[in-house]
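Since the structure comes first, as structure tokens, the remarks are kept for the end.
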Amino acid sequence: MMRLMKLRRHLRGSGRVLVFVFAASIVWLLFDMAALRVSIDDVNTHILKERVLREREMRRVRATPNLKMEFKHPVQRLDPAAIRDRERPLASDVYREGSKRAVLKDKKDLKRDRFKSVAPQHKADVYNHGVIAKQDAPGKKKVPNLDFGVAVANASQVRANKVVLERDVAKESLHAVASKEKLGVNETIVLESKDLLPSKAMSHQKPNKDPNAQKEPLKPTAHLHVGNISTAVRKSGVHKVLSLDVTHAPRDPNALGQFGRGVILPSSEDEEVRKRWDEGHFNVYLSDRIPVDRAIPDTRPEVCSQAVVHDDLPSTSVIFCFVDEVWSTLLRSVHSVLNRSPPHLLKEIILVDDFSTKDYLKEPLDKYMSQFPKVRIVRLKERQGLIRARLAGAAVATGEVLTFLDSHVECNVGWLEPLLERIYLDRRKVPCPVIEVINDKDMSYMLIDNFQRGIFKWPLVFGWNALSEDYIRKHNITVSDPIRCPVMAGGLFSIDKKYFYELGTYDPGLDVWGGENMEISFKIWMCGGEIEIIPCSRVGHIFRGQNPYSFPKDRQKTVERNLARVAEVWLDEYKDLFYGHGYQHLLDKSVTDIGNLTEQIELRKKLKCKNFKWYLENVYPELDAPLVKAEGLVFNQGLRRCLAMFKDSLSFETCDLNKQSQHFSYTWLRHVRQGDLCIAPQQSLNSFSVVSCDNAKAELRWFHKSSKSTLADHFIAEFASQHMCLEAESRDDSLHLSPCDSNNSFQKWQFTHYYASV
Ligand code: UD2
Ligand code: MN
């Protein structure tokens with residue numbers, strides 16, 4: 001009996017153990033299942049990513065026959081092959097698209113570059129980063145082109161996906177409303193014009209490096225390599241660049257546009273797309289359906305994720321200026337910064353509202369942003385334009401570095417540290433990320449070929465230009481090396497805040513939009529700084545065919561006026577090239593008031609900036625910039641003798657290159673001049689006179705070699721009502737004006753040298 005009791009007690013004891021073991025196994029099993037789910041999710045995400053890339057590759061292959069192979073733009077479709085190519089430093093494949101045409105072999109090759117519209121009267125086709133958009137006739141309403149060409153996602157898949165609500169956005173909005181009071185961190189600052197001027201206290205400290213250091217070899221200092229710290233006095237450790245990306249494993253991998261893939265909406269939605277197009281001049285309807293925190297592919301060259309940067313990089317204030325920006329793109333821009341920037345380096349995000357008219361950009365934006373303590377909103381009381389709006393942002397920024405971004409961008413993984421590293425190495429460097437393309441129709445994220453730099457063509461038209469293979473080899477440039485740029489595109493760059501103020505910021509007299517990228521670029525280079533594109537930093541941007549907001553004054557006039565200010569302050573004697581390329585009319589001050597330039601000219605003197613000739617020789621030697629169109633002796637075909645000037649009278653002599661009296665030039669403003677004297681047509685007397693040159697006077701101008709017309713060799717009086725030409729008189733060596741005659745050899749003139757065929 002006793003024995004039986006003992007056995008039962010024993011069994012009861014071990015029963016407890018058994019129960020414990022049983023319970024533990026169940027808990028273990030649950031953990032296991034959870035882990036399995038997580039890893040399945042991971043695998044699913046991964047598989048989906050791969051599938052997207054594979055699909056893209058297949059579409060690319062399918063689309064290839066339709067691609068015009070002679071179209072050498074730098075945009076690549078994202079496909080595994082393309083990403084692989086980028087990993088090979090200097091692989092010849094990198095140029096498979098652009099090597100033959102985009103290479104800058106000589107000055108004439110500039111023709112092959114891509115230029116963006118600043119002076120629409122000069123270009124019918126506008127090349128925005130290689131994506132061609134037709135320039136619309138003024139006033140013509142742009143109808144979106146819904147032909148997606150080589151596009152993208154699988155339509156049936158997309159259609160199925162359409163039911164997926166942007167729950168994240170909706171949830172976040174609700175959360176935002178609820179949390180505004182709780183957090184109470186978001187502030188709204190209202191600024192007036194007087195607040196926009198650069199703070200006097202900060203201006204004009206001397207840069208801390210010898211300006212002669214400009215002569216440094218063109219091969220950039222090894223990017224992100226430790227050592228070679230030209231101005232760093234701080235001692236700091238280094239770490240591998242942080243590849244932070246909160247969106248790495250997106251919550252909804254099937255959402256539209258996820259992983260940066262493009263979307264084709266069913267044709268039944270064309271009307272909706274069309275209706276909303278003008279709100280942003282891109283596919284606004286589609287953008288609103290794509291998560292505001294979508295993932296995009298890491299398009300950096302492979303080496304970038306292994307690069308090291310310093311531990312104590314400066315912090316930055318990111319400044320977004322906007323006027324009537326589309327809600328979803330503004331939010332996506334902000335989220336991309338929040339999600340992909342190391343928090344300790346992101347001091348704040350400043351949204352400068354340039355007097356937007358849309359209601360959703362008022363209270364709803366305040367509410368939404370109140371959930372992010374780092375986001376501040378600055379409201380301007382009147383429309384200032386992007387230049388003064390940026391200055392308003394800079395004025396309240398507290399970070400050591402200012403980072404300006406357009407309000408329709410997506411910052412890619414690891415975008416920030418490489419920019420800050422350059423400034424850490426030398427505070428006078430102004431780094432820009434590679435600007436990639438977010439397709440305006442299908443919203444796909446498209447990567448850009450490497451080795452592109454920002455340049456300009458006359459009359460100060462910005463464009464992209466691929467470095468030549470020779471140049472890359474000669475300077476041993478690898479895919480991740482910074483690329484020195486004669487000018488920046490304008491929208492995306494970082495700059496040391498103090499340095500920005502030392503440079504006098506932007507010219508605050510520039511209005512609304514346009515030309516400020518030229519101004520800041522010339523200022524940076526000529527006053528001791530450098531502009532670089534950093535291939536390890538990549539930011540997507542929606543290039544639009546048209547500005548989606550209104551201009552307070554005429555758009556064309558605003559841009560022209562801005563450019564004329566830049567030309568007057570920075571171009572020295574080369575400003576004639578600017579005016580001579582279609583902007584002569586700006587010289588008439590009674591028609592165009594470009595405003596007061598005294599402060600800008602003073603600033604240039606105070607900063608002891610170099611001249612434009614230095615800039616051309618050292619920064620942009622490839623630019624064709626002859627100071628005159630033609631010069632030398634002026635030979636008359638009929639007389640077979642040359643024009644000569646004595647005091648202020650003209651005669652003919654046997655041609656003699658050694659005689660200064662026979663040297664004339666034909667200028668960009670179409671003057672025939674010797675020294676300060678110009679030959680001027682006198683239409684009423686059918687004669688000419690010799691007068692003091694005056695650029696503003698249109699009546700001193702002659703057409704010569706200006707077209708392929710039969711009168712190309714003639715001097716045609718520009719202001720005569722009928723074609724009147726300068727003619728040598730065979731009887732008495734005199735000159736007069738007579739009706740143009742293409743066969744009359746006494747009306748045909750030839751300069752010794754021609755430098756331009758315009
Ligand atoms: C490019 C630049 C842009 C600027 C411009 C020339 C890039 C990617 N973009 O044109 O930054 O340098 O050339 O000036 O390099 N905005 C205002 N107020 C205005 C007008 C514009 O806040 O009165 C904002 C606008 O909402 C946008 C930014 O300024 O966020 C740039 O304007 P844009 O996107 O129309 O210029 P974009 O990209 O055509
Ligand atoms: Mn833009």
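The values are calculated or read from the model by the stated rules, or taken from the named source; none is laboratory data. Please read these numbers as outputs of a predicted model, since none were measured by experiment. Cβ atoms come from the backbone with ideal geometry, glycine included; neighbour counts cover every protein chain shown. The area values use the complete protein model at the heavy-atom level, side chains included, leaving out ligands, DNA and RNA. Shrake-Rupley method; radii C 1.70, N 1.55, O 1.52, S 1.80 Å.
Structural remarks
- At an R0 of 56 angstrom, the distance between the Cβ atoms of GLN556 and LYS659 translates into a FRET efficiency of 0.80.
- Rolling a 1.4 angstrom probe over the protein heavy atoms with all chains in place gives segment 630-754 an accessible area of 48 Å² per residue.
- Under 5 Å, built H, 5+ apart or other chain: amide partners of VAL401: SER315, THR316, SER317, LYS497
- 3J(HN,Hα) from dihedral phi, segment 544-551, Karplus parametrisation 6.51/-1.76/1.60, rounded to Hz, x for glycine, proline: 10, x, 8, 6, x, 10, 7, 9
- With all protein chains kept in place, the per residue accessible area of segment 386-544 amounts to 15 square angstrom at a probe of 1.4 angstrom.
- Stretched out straight at 0.36 nm per residue, the stretch from PHE646 to THR398 would grow longer than its current Cα-Cα span by 82.8 nm.
- Label point distance in nm, LYS275-ASP676, each placed 7 Å from Cα along Cα→Cβ: 6.8
- Our coupling estimate for segment 478-483, obtained by passing each phi through the Karplus curve with A = 6.51, B = -1.76, C = 1.60 and θ = phi - 60°, is 9, 4, 9, 6, x, 10 Hz, Gly and Pro reported as x.
- Between segment 426-452 and segment 480-502, the alpha-carbon center distance in angstrom: 14
- Couplings 3J(HN,Hα) of segment 632-645, computed from phi: x, 6, 10, 8, 9, 5, x, 6, 6, 9, 10, 6, 9, 10 Hz, in residue order, whole Hz [Karplus 6.51 cos²θ - 1.76 cosθ + 1.60, θ = phi - 60°; x for Gly and Pro].
- Largest-first principal axis extents of the Cα set of segment 254-317 (Å): 52, 26, 18
- Per-peptide packing, taken as the mean over residues of other Cβ atoms within 10 Å, places 731-743, 337-349, 368-380 in the sequence 368-380, 337-349, 731-743 from highest down.
- When segment 257-399 is described by a simple charge dipole with +1 on each Lys and Arg Cβ and -1 on each Asp and Glu Cβ, the residue from HIS310, SER268, PRO297 located farthest towards its positive end is HIS310.
- Alpha-carbon centroids, segment 252-302 and segment 365-423: separation in whole Å: 24
- Dipole magnitude of segment 630-754, debye to nearest 20 (Cβ charges: Lys/Arg +1, Asp/Glu -1, about Cα centre): 260
- Segment 369-467: C-alpha pair distances exceeding 20 Å, %: 58
- The per residue volume of the convex hull around the alpha-carbon atoms of segment 630-754 is 98 Å³.
- Label separation (GLN637 vs LYS605): 5.0 nm, computed from points 7 Å beyond Cα along the C-beta direction.
- Entries in LYS381/LYS553; LYS497/LYS589; LYS497/LYS610; LYS575/LYS705 that, when Cα-Cα distance is taken, lie over 27 Å: LYS497/LYS589
- Taking label positions 7 Å along the Cα-Cβ direction at both LYS240 and ALA698, the computed distance is 6.6 nm, reported to one decimal.
- Distance between the C-alpha centres of segment 537-597 and segment 709-731: 33 Å, rounded to the whole angstrom.
- In segment 574-684, the portion of solvent-accessible area held by carbon and sulfur atoms comes to 49 percent [1.4 Å probe, whole percent, DNA, RNA and ligands not counted].
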